[in-house]
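Visitor: Starting off with a structure, shown below.
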Amino acid sequence: MTSTDFTYPQPTDDELAAQQPRSPSPHAPLIYSSPGAGLEQYERAPHPPGAAGPVAGASGGVAGAPVSAKSPTLGKTALVLALIAAVLTLVASAILGATLGPTEAASGYYFADVPEWYQSLATGLVVLQVLCACVGITAIIMGIVSAATARGRTFGIIAIAAAAIAPLLSFGTFVALSFAFA
């Protein structure tokens, strides 16, 4: 077939077939070979002006190139951050929930009535809760990125679940211990 654009005439199918060797050379890559076979020749071949280079695949590499294994470090980091945030927020909620009722019963209902050391402790635990919330949000974002980019997908999914469930467990722990020790 020839192109309808006569400025750049294309060779016909017969002309292209005539350029091919009758029997494949022993060094020529097989068409049905494994992905990436003979890719080195393709990458070194000059491309005509205005033509696109090698076709990029979904992984960002050249189509047919072997996919490199991605490091699961991002997913593992997200999981570690999520677990640290979950443990710290549960501990802070347990301490605050277990001490709030008895301190209010001994000192008074208002926060200003409790001793200064308890005010400092409670303020520090609330600040820790906020810090854990920030770390948990970071773990969720890192987990989403790791799951989407296959850099520790399983770890990322577990990190998302752990960071999403931790505030609920923390609040439940606080409420249960507040009522238990009231």
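The values are calculated or read from the model by the stated rules, or taken from the named source; none is laboratory data. Source: prediction; values computed, not measured. Positions of Cβ are generated from backbone atoms using ideal geometry, with glycine treated the same way; all protein chains shown enter the neighbour counts. Protein only, heavy atoms only, side chains kept; ligands, DNA and RNA dropped before computing areas. Shrake-Rupley method; radii C 1.70, N 1.55, O 1.52, S 1.80 Å.
Visitor: Where does the charge balance sit around Pro72 when Lys and Arg score +1, Asp and Glu -1, over other residues with C-beta under 14 Å from its C-beta? Before the final figure, lay out each step's value.
Guide: Working: positive: Lys70, Lys76, Arg151, Arg153; negative: none.
Spelling it out: positives minus negatives among the neighbours equals +4.
Visitor: Output wanted: per-residue J couplings in Hz (rounded whole) for segment 111-127, from phi through Karplus 6.51 cos²θ - 1.76 cosθ + 1.60, θ = phi - 60°, x for Gly and Pro.
Guide: Each residue of segment 111-127 in turn: 5, 6, 7, 6, x, 5, 5, 6, 4, 5, 4, 5, 5, x, 5, 5, 5 Hz.
Visitor: Further, regarding this structure: Please arrange Asp14, Asp113 by accessible surface area, largest first, computed with a 1.4 Å probe and ligands excluded.
Guide: Numbers: Asp14 125, Asp113 80 Å².
Ranked from most to least accessible, the order is Asp14, Asp113.
Visitor: If you take the square roots of the eigenvalues of the alpha-carbon gyration tensor of segment 116-180 and sort them as a ≥ b ≥ c, do you get rounded (a/c under 1.5), prolate (a/b over b/c) or oblate? Let's see the in-between values first.
Guide: Working: a/c = 5.48, a/b = 2.19, b/c = 2.50.
Taking the square roots of the gyration eigenvalues as a ≥ b ≥ c, segment 116-180 is oblate.
Visitor: With every protein chain present, what is the per residue accessible area of segment 114-159 (1.4 Å probe, Å²)? Kindly include the intermediate steps, with their values, before the conclusion.
Guide: On the way: 2600 Å² over 46 residues.
Here the per-residue accessible area is 56 Å².
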